[in-house]
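S.K.: There's a structure below that I have some questions on.
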Amino acid sequence: MTAVGRRAVTPLTAWSEAVDSGGGGVVSDPPAASQEGAREVGGPEDQICRGIFQIEKRSCDVVLTPSRLKWTPIEPESLADDDKVISQHKTEFVELKEVFAVKMKRRRSAGQQKGGTLLGITIFVCIKKGQNKLKDRAVHLSNLSEDYCHIWFKHLKDILSGYFPKRPKSLKVIINPYSHKKEAKQVYYEQVAPLFKLADIKTDITITEHKGHALSVLKECDIQEFNGVVCVGGDGTASEVAHGLLLRAQTDAGRDIDSNFTPVRAPLPLGIIPAGSTNVLAFSVHGIKHPGTAAMHIIMGNLQEVDVCSFSSCHRLLQFGFSAMFGFGGRTLALAEKHRWMPSNQRKEFAMIKTLTNLKPEDCELSFLPTENAHMADQEHQRNEDEINAIEQCTDEDKWQTMQGRFLNISIMAIPCLCSMAPRGLAPNTRLDNGSMSLIVVQNSSRADFIKHLKRYGNLKNQFDFPFVETYTVQEVKIRSKIDYNWTDATSEENADFHSCRPSVISLKGSCPWNVDGDLMEGTSEVHIKIHSQLITLYGRNIEECDDHTIKCSCLL
């Protein structure tokens with residue numbers, strides 16, 4: 001490296017004068033007192049450059065290596081001693097893997113868009129606050145030399161652009177302006193867009209106008225132009241976008257979704273900015289409902305593989321999703337949807353109270369295939385289709401378990417479904433990527449006992465510790481509703497075989513609604529749910545337990 005502004009004086013004096021005058025140097029021969037610090041960073045041979053900046057109004061010896069930016073405050077020489085005395089200030093550093101942006105800092109007059117007086121360089125760092133919250137922090141490196149700052153700026157930009165390939169450069173953003181309190185646009189433009197701009201991420205934004213709009217957008221857009229897709233809204237929005245991504249993957253791969261097919265993985269990772277009422281999916285991958293945290297996970301390229309369920313009827317795909325409820329959860333959502341004219345919170349409370357008042361069990365047949373190893377990860381995306389078909393053909397039908405009866409609620413969940421109302425999760429016995437689903441079966445019971453079960457979700461007690469609640473770890477689930485009791489064991493042979501691929505002869509009139517990720521799925525009385533290990537990638541991380549114990553929402557909606 002070359003030296004800028006060095007004179008025939010002690011190195012420390014030269015460095016101090018360079019800072020005071022606004023100049024600076026990239027130094028190849030640091031003072032002996034600082035060489036030990038350089039070895040702590042990774043050794044002098046690993047240094048990219050070294051020099052002087054003012055940080056928090058203190059002159060600092062700054063060292064840049066391929067993995068770290070380190071600085072140590074410097075004090076002037078002691079006047080009472082000929083020897084050079086440097087105070088043993090605490091050395092600070094920033095890992096470059098936590099840096100997401102670097103900018104030239106300038107002072108501009110009102111209305112000035114370009115140019116301005118150079119003040120130095122600003123480093124933007126992703127930092128952790130508490131257990132799950134992520135925020136941005138700015139570190140200002142002050143120096144008035146244009147040439148000097150440009151050298152450091154170029155080195156930092158080269159590192160950021162070359163060492164972190166998982167960080168997105170271009171994103172497709174889908175915003176649901178009707179989500180919750182209609183605040184999604186405000187959340188995005190005020191809390192997320194500035195961070196994306198800071199990180200030099202290009203965005204293509206679509207504001208949806210109706211349900212299904214996101215599906216059509218993902219079907220028609222040139223998906224190769226983007227590194228990821230971001231949705232801003234609640235669980236219903238996230239589910240629709242995830243479903244759209246997976247449908248696009250099947251179309252591009254030539255899969256016939258009206259047959260018994262093996263799905264391929266989503267082509268791009270999905271980022272979820274929470275702007276809904278419950279945000280179960282965002283809570284499960286971020287551990288918190290905080291748009292800034294979600295944005296930082298996207299910017300930093302933090303990726304988490306997540307299992308997905310497929311919902312089908314007679315080998316015809318109905319929907320991809322992460323969780324579903326049949327019975328109480330479905331009827332509550334259906335009632336809430338009929339009262340859309342009410343404010344969100346009032347609508348949910350009304351629907352839950354009304355459904356509890358008219359509580360009744362669903363008469364159905366439930367069949368499921370238990371998971372032998374609850375923590376298996378079959379990695380379907382790494383197997384070829386022939387291997388999977390061979391495994392399916394060899395499945396022992398004797399392993400399927402069947403029960404018939406009257407059930408108040410049946411939940412099938414591929415993720416823990418964390419939220420503020422359920423600190424342990426609606427399904428605490430499953431994980432995001434373990435290749436299995438949690439099946440929670442609530443048998444018919446009194447209204448009082450059922451309410452006690454629901455209340456348990458709001459604390460750390462075991463919500464399944466009731467004689468009428470059963471839990472299973474499963475790979476597949478099949479549910480057939482006995483609508484209007486016109487389906488009996490004495491019916492035709494077509495209905496006798498639950499695993500038959502032939503269409504059901506049951507009338508769909510009055511069929512029980514399903515709650516799939518907070519969205520209503522109706523029109524079928526026979527559903528086959530199957531887990532697909534790590535079928536989609538979300539921006540976030542694996543959160544096993546949320547530390548937010550606030551209890552105020554209706555997550556069954």
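The values are calculated or read from the model by the stated rules, or taken from the named source; none is laboratory data. Treat the numbers as computed from the prediction; the structure is a model and nothing was measured. Using ideal geometry, Cβ is built from the backbone for each residue, glycine included, and neighbour counts are taken over all protein chains shown. SASA here: full protein model, heavy atoms, side chains in, ligands and nucleic acids out. Shrake-Rupley method; radii C 1.70, N 1.55, O 1.52, S 1.80 Å.
S.K.: I'd like to verify a number: residues in region 451-463 that are open to solvent by less than 50 Å² (accessible area, probe 1.4 Å) and either modelled with pLDDT under 90 or more than 21 Å from P423 (Cβ to Cβ) (or both), how many?
M.R.: The qualifying residues number 3.
S.K.: Please pick out the residue among K482, K478 that is open to solvent by less than 60 Å² (accessible area, probe 1.4 Å), over 29 Å from G234 (Cα atoms) and modelled with pLDDT of 50 or more.
M.R.: On inspection, the qualifying residue turns out to be K482.
S.K.: What number goes with the only condition from (1) modelled with pLDDT of 75 or more; (2) touching a Leu at 6+ places or on another chain (Cβ under 9 Å); (3) not β-branched (V, I, T) that P467 does not pass?
M.R.: If we test P467 against (1) modelled with pLDDT of 75 or more; (2) touching a Leu at 6+ places or on another chain (Cβ under 9 Å); (3) not β-branched (V, I, T), just (2) comes out false.
S.K.: Looking at L144, L134, L171 in this structure, which one is among the hydrophobic types (A, V, I, L, M, F, W, C) and under 22 Å from R50 (Cβ atoms)?
M.R.: The match here is L144.
S.K.: Further question: Please find, within region 427-455, the residue that is farthest from K360 (Cα to Cα) out of those that are out of contact with any Leu (no Cβ under 8 Å at 6 or more places or on another chain) and in a helix (DSSP H, G or I).
M.R.: Here the residue is K455.
S.K.: Right, something else. State whether one or more residues within region 437-449 are touching a Pro at 6+ places or on another chain (Cβ under 6 Å) and among the polar types (S, T, N, Q).
M.R.: Checking region 437-449: at least one residue is touching a Pro at 6+ places or on another chain (Cβ under 6 Å) and among the polar types (S, T, N, Q).
Yes or no, residue by residue, for (1) within 21 Å of I272 (Cβ to Cβ); (2) polar (S, T, N, Q); (3) open to solvent by 20 Å² or more (accessible area, probe 1.4 Å):
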| residue | (1), (2), (3) |
| --- | --- |
| A294 | yes, no, no |
| L303 | yes, no, yes |
| C309 | yes, no, no |
| A324 | yes, no, no |
| K338 | no, no, yes |
| M342 | no, no, yes |
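S.K.: Only residues in region 163-182 that are within 16 Å of F100 (Cβ to Cβ) count as the first member; pair them with residues that are at pLDDT 90 or above and small (G, A, S), Cβ under 7 angstrom, at least 6 apart or cross-chain, and list the lot.
M.R.: F164/G301; K166/G301; R167/G301; P168/G228; P168/G301; L171/G228
S.K.: Within region 303-348, considering only strands (runs of 3 or more DSSP E) that don't extend past its boundaries, which have at least 3 residues that are free of Cβ contacts under 8 Å to residues at least 40 places away in the same chain? I'd like the intermediate steps shown before the answer.
M.R.: Working: elements: 303-313, 316-321, 323-327.
Of the strands (runs of 3 or more DSSP E) lying wholly inside region 303-348, none has at least 3 residues that are free of Cβ contacts under 8 Å to residues at least 40 places away in the same chain.
S.K.: Those residues that are aliphatic (A, V, I, L, M) and surrounded by 14 or more Cβ atoms within 10 Å (Cβ to Cβ), I need them from region 129-161; list them, please. Give the steps one after another, and end with the answer.
M.R.: Just the residues of region 129-161 that are aliphatic (A, V, I, L, M), to begin with: 134, 138-139, 141, 144, 151, 156, 159-160.
Result: L134, V139, L141, L144, I151, L156, I159, L160.
S.K.: Among the numbered criteria (1) touching a residue at least 40 places away in the same chain (Cβ under 8 Å); (2) more than 11 Å from the chain's Cα centre (by Cα), which single criterion is violated by R255?
M.R.: R255 satisfies every listed condition except (1).
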